[in-house]
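Structure, as structure tokens:
No value in this document is a laboratory result; all are computed from the given coordinates. Note that the structure is predicted; figures quoted are calculated from it, not measured. Cβ placement follows ideal geometry from the backbone for every residue including glycine, while neighbour counts extend to all protein chains displayed.
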Amino acid sequence: MLFEKQQYQEDCVNNIVNILDECDVFNNDYSNLKNIIKEHYKTQRYSQFETSSKKQIDVLMETGTGKTFTYIKTIFEINKQFGKTKFIIVLPRTAIKQGVIQNIKLTDEYFYNEYGKHLKFIGYTGKDSLSAVQQSFIRNESDLTVLVSTNSAFNKDANTINQAKEDLVEHSSVWEAIADKKPIVFIDEPHLLKGGATVEALEKLDSLFIRFGATYPTEEEHKLVNVAYALDSINSFENYLVKRIAVKNILTGAEESDIKITKINAKGKQSDKSVTFSYSKNQQIYSTTIKIGDDVGSKTGLDIYHGVTLTKINAKEIFFSNGDTKKVSESYELNDDEIEQMLRVTVSSHFEKEERLFNQCIKELSLFFIPSIADFRGDNPRVRKFFEKIYREIRDEYYHNTTNQEYNKYLDKDFKDGKLQVLEGYFSGDKGDSAKDDDLKKAVDIILNKKEQLLSLDEPLRFVFSVWALQEGWDNPNIFNICKLATTDKETSRRQQVGRGLRLAVNQAGKRQSFKTLAENENAFYDINTLDMVVSGYEKDFIEGIQSEIQKASFGIVGDFLENSLLEANGLNLREISKLINTLEDNQIIELDESMEKYKIISSIYDFIENNADKLSFLSNDRLQEIKQLFKSRKSLIEDKNKTIEKLKIRQEQAKKFKELWETINRKAEIVYKDINELDIINKIADAFDTENFSQIDTKVITKVYDPIKDKVVTKEEQSLGKIDFFAKNKLSEFVFEFSKKEKLPLGFVTKLFSKLDLQKIKNNPSKAINFIKTQIKESIHTSILQCVDYDFSQTNIFSKNILQNDDGSFIKEIEYTKLGRNIGDEASDEFLFDRVVYDSDIEKQAILNDPISIDGQQITVFAKLPSISIPTPYKSYNPDFAYLVDRGENQKQLFLVVETKSYKNNSDIPQAEKTKIDYAKKFFEGLQKQLPDVEIRFKTRVNKQELSNILQEYQK
């Protein structure tokens, strides 16, 4: 493989060496490092980064840009400049370690030609490596040596390297002897190496740490600091240093009506919070932003969410009015049909490019992430079987249609003794010498250790399967397709997932197909360097997620030059460009570099536009927002843990009056069902199903490409894959069993229900039909059983402790306002339980401020905005808004009035799901009234600006 000098890699190494040049490296003295870094920031325009007193230097380099090569070169350069001979490279996983060792081997000749010496490496594996560590690392002072190890090899006391050894005269353990050498430690993938035990073990070395990563932890003690060099995502894409990303979404209809959270704004008041969803409807992908109180069905047009509102938002989860919740990260499991479709799309994508790349002497590879090892190597390896069948079909088509005899000869290598040679897997635990047979051992060794052989057109292996064991560390420049058949853990970003294929392609001579190599022709560059990522419809927002992660991981265009071409490419005319540049220059955001006749950015353009829109009135708001996004800097997402939430004081005199009312309505209860007519429910659902239209749908592939320069996602292509027979692989009996299990319904009930339904309708559009059935079950059951519901009240008066009271029944002195409402206002009237107004909506605010206290001889003694009292309903819990204690004069019972306040214009506008919960609340208070005949308890819904006096008049005696 050919290695060429890349200026950005040279700049990174030079920056590190220049920083260390001010330190006493040989004597391990880095006491002035922080001050050196501060000066470094001034010359590099890195003012957005923080400094630290730690003996640590950080490098930010985007995945695929050659950070392993760069830190290997850094080792040679430090040795050359400062005489340091001992280094350690720490990795989080064995696969990553193997990749680093492979890189050291591949670059050995290149660096020998440049530096005149070899880098001796020790791939530490435990006890078998101790002798090499002692001889080459501890006792040999002169040889340039690097110890390559995973953190699990040294972060426990029981590790061999930490055990006492008799032949070490001056040290109790090998790790202690290594520490005595004061080696410089390189940490790769720092976001995976932040565990307490690992940090503690590394600190024992008392050495300089140089961290290289595309992703850094956000925790205060591990975050990015002391930055020597930063090559972020945006710059990597803009400068053609990595492949372009295209995402193929396979929409089978199974994801129809599913919504996925793409962004949560959970800061500030509840009224300021919002959530952005992506969802598919009629196999088109849409996105919308919803605030608390919005009707999700109305906003999205999804029938399953008709009448369902968004009720609460926090950082990791959102809550709906029907009791459902949705988390930011949710897993999924693909069925056989979906897996087959995705394999077919990926193999087709591979063949669409392979002959063209073959003609340019470039071997194409494809990578598959699968649900489990058993899917490839088990007794019934379904993914392998599906792939081999699909591959043979598509290969035969291309084989017989091409006129390229050389390409056909290449395809002739696909089989050996009738066995397909093009695929193999690497899984955690695989070693070159642990495979079951020679062929498997050879294939694993090629994948893991022989990158050049894998890149050769003489080697038929070109489809690699893994269970995320290759998610970091391992990559290959000629990965052109990645197929994601399995969900990933929430810690694995989309950038990391595509990172295995971002490196620029190489030809058979090992020549990188760089922008310069391809004569700076963008079309020719992307014609080769495009990575196709194939994902399911459950990740329909995948490319938008990549876009978001790239923005967050980029540090803005500061220290670069502002080019007119960038502004022109984004739609600004010459007059607008001139005005914008003049405004930025006048406000000292840019300055003219006369030697280069270019404007250098010296402060954040994003921040200026964000805070000074009035100075840019010559641009429309839409245009301004587009331009602002070009200069989007990474913002701190650190939550202010010291910020205190305002508290309301509870008026103790009013609390004494409110006590009986509160303890009455806060009683614990359980739902009791009586005399449910199952057949009637089934018939109602079947009748509704019969009247609904379920037209047959096609499976579609929608291809989107991310343009990082314009920061836009562009739909490139839409393709139909035909129809799927849902019950071809799904037996009805198995489906019914899984449905009853998932929906927590009796199997007998579900079996009878599906026997009444037209199965062809389900085949036509499985997702829509099944979601319709779920909705009808919920609505029909609740409609039918409302008359069959009763409440069983506990003998216990109230919970021993609740949100307003202490264990002894006394009221607490104050409460955080967020436990009562989203907003806090001015001082409230004397009759209000709390000292200040607290509310969720304007109608609630007006009720607290403007409702009369005395109405036709009835006096409101005390009233309160209610915290959660958790009235149980089949829709989970229900929480009314207000409670009033009404004194109606002598010889009259006090009235305990509980009110639900709604901002709808009319009762008919209230969504059915909310109406149903209100109906259950009525049943609850009716039951409570029967339990407590000595007081009068009433529940009422107050719509729009209905006067409280009108409600009270209903209960006058």
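Comparing Val345, Thr403, Ile318 along the charge dipole axis of region 306-429, the residue lying farthest to the positive side is Ile318, per the Cβ-charge model.
Starting from the Cα gyration tensor of region 336-552, multiply each eigenvalue by 5, take the square root, and state the resulting semi-axes largest first in whole Å.
24, 23, 18
List the pairs from Lys42/Lys267; Lys441/Lys540; Lys248/Lys516; Lys659/Lys845 whose alpha-carbon separation is above 30 Å, in the order I gave them. Intermediate values should be presented prior to the final figure.
Numbers: Lys42/Lys267 33 Å; Lys441/Lys540 38 Å; Lys248/Lys516 28 Å; Lys659/Lys845 23 Å.
As for pairs spanning more than 30 Å Cα to Cα, those are Lys42/Lys267; Lys441/Lys540.
Just flag the trypsin sites (Lys or Arg not before Pro) in region 798-840 sitting in loop per DSSP whose Cβ has no more than 12 other Cβ atoms within 10 Å.
Answer by residue number: Lys801, Lys813.
Enumerate the lysines that Lys778 could reach by cross-link, defined here as Cα to Cα under 18 Å, with residues fewer than 8 away along the same chain left out. Candidates past the 8-residue exclusion: Lys674, Lys684, Lys741, Lys742, Lys744, Lys752, Lys756, Lys768, Lys876, Lys915, Lys917. Global dimensions of the chain from alpha-carbon coordinates: Rg and Dmax equal 33.5, 106 Å. Cβ-Cβ distance of Ser720 and Lys774, R₀ of 41 Å, FRET efficiency by 1/(1 + (r/R0)^6): the value works out to about 0.90. Remark on region 113-193: Rg and Dmax equal 13.4, 42 Å (Cα only). Remark: region 71-123 projects, on average over all directions, an area of 3.5 nm² (convex hull of Cα atoms). Taking 0.36 nm per residue of separation and subtracting the current Cα-Cα distance, fully stretching the chain between Gln453 and Asp21 would add 151.5 nm. Net charge of the neighbourhood of Glu317, taken over other residues with C-beta under 9 Å away and scored Lys/Arg +1, Asp/Glu -1, is +4.
Within the chain, which is the longest segment containing none of the chymotrypsin sites (Phe, Trp or Tyr not before Pro) that sit in a DSSP loop and have at most 15 other Cβ atoms within 10 Å?
Longest gap between qualifying sites, sites excluded: 27-331.
The trypsin sites (Lys or Arg not before Pro) found in region 303-384 that occupy coil by DSSP, while having at most 14 further C-beta atoms within 10 Å, are Lys316. Each stretch of four or more DSSP H residues adds -39500 (n - 2.57); spread over every residue of the chain, this sum gives -10500 deg cm²/dmol at 222 nm. Once both labels are positioned 7 Å from their Cα atoms along Cα-to-Cβ, the gap between Asn907 and Lys413 label points is 7.9 nm. Compactness check for region 7-231: Cα Rg over 2.2 N^0.38 Å is 0.97. Given their separation in residues at 0.36 nm each and the Cα-Cα distance between them, Ser136 and Asn677 gain 186.6 nm when the chain is fully extended.
Helices of the chain meeting both criteria, an alpha-carbon length of 30 angstrom or more along the long axis and an average Kyte-Doolittle score not below -1.0, with helices taken as full DSSP H segments, are 336-359.
State which entries of Lys668/Lys923; Lys353/Lys413; Lys649/Lys930; Lys273/Lys774 exceed 26 angstrom in Cα-Cα distance in the structure shown.
Lys649/Lys930; Lys273/Lys774
Between the C-alpha center of region 486-537 and that of region 681-720 there is a gap of 28 Å.
A Förster distance of 25 Å, applied to the separation of the beta-carbon atoms of Lys263 and Arg623, puts the FRET efficiency at 0.65.
In plain terms, the chain from Asp826 to Glu220 could stretch by 214.4 nm, reckoned as 0.36 nm per residue minus the Cα-Cα distance.
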